[in-house]
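Notes for the one structure printed next.
The values are calculated or read from the model by the stated rules, or taken from the named source; none is laboratory data. Remember, it's a predicted structure, so these values are computed and weren't measured experimentally. For neighbour counting, all protein chains shown are included, and Cβ atoms are generated from backbone atoms with ideal geometry for every residue, glycine included.
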């Protein structure tokens, strides 16, 4: 179950320090150990680029399999980047044309921060559609996260996301709706999921598109839906990959925007996330730069185990259905029965 440090990506060193099994290709035993090549299309803005990369690496590295994981991060040149982020991507990330030439077994597409309501006006719109089109015919399974889910639903099903009356941010109880689905086998029937978004695809919209609802929350709406086959496209509206501190970092970011005048109203507290101790600390009006250090110790993580279980189930099914040569087609479909 090791991650394979097939390039000098700093995230491999960080995860090794955290106790994950990270090995170089030449250090592996000579007997055959199956490989899985997983793409990570990272569309997050500069400040969240490395954190998002590491969050998904952790989930993949924690899945309990023998397979070697070769993770291939890449981004889109159409996304505006500062010089440091551009240099990081140029040094450590793959080129999509090379990924296409070598093939992938699975793909994860992250969300992105956008300022305009119309996704089709975003610079990544057409390049993202091309990647999703390629993946639908060449990758065993694709996970779309948050905004990527919204883009997929609009691109493939002509379903437009809806603006929420207020931002959905916090930790929300979710229930497994499709209990026989392979993604949620062996998982608790109810578990927490972090959400952070201002737009949503409703249960009715997913159902109208023929998608299968797998996990849903009373407050958060649909958290996981899949294509009718159950596996080729998996849509997350939440962020099971989030670290314990992620929502706090977003709260502090928005608080700084409010203090600078970029936001007209202060951000609301993420729901079901701040305990009494943190609320007491915040009531003393610390500066935004002080908040994280003062509160981090009091944050609880109630979603990590379920997130690991879902990704483990995903990887297990990718492994079972993918041809030994990752440029070849999958063996078949996934049954939920």
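Among the residues of the range 136-146, those identified as surrounded by 22 or more Cβ atoms within 10 Å (Cβ to Cβ) and either in contact with a helix residue (DSSP H, G or I) (Cβ under 8 Å, 6 or more places away or on another chain) or within 15 Å of residue 100 (Cβ to Cβ) (or both) are 139, 140, 141, 142, 143, 144. Go through the residues of the range 95-115 one by one and say whether even a single one is modelled with pLDDT under 95, within 16 Å of residue 40 (Cα to Cα), in contact with a helix residue (DSSP H, G or I) (Cβ under 9 Å, 6 or more places away or on another chain) and surrounded by fewer than 17 Cβ atoms within 10 Å (Cβ to Cβ). Yes, the range 95-115 contains at least one residue that is modelled with pLDDT under 95, within 16 Å of residue 40 (Cα to Cα), in contact with a helix residue (DSSP H, G or I) (Cβ under 9 Å, 6 or more places away or on another chain) and surrounded by fewer than 17 Cβ atoms within 10 Å (Cβ to Cβ).
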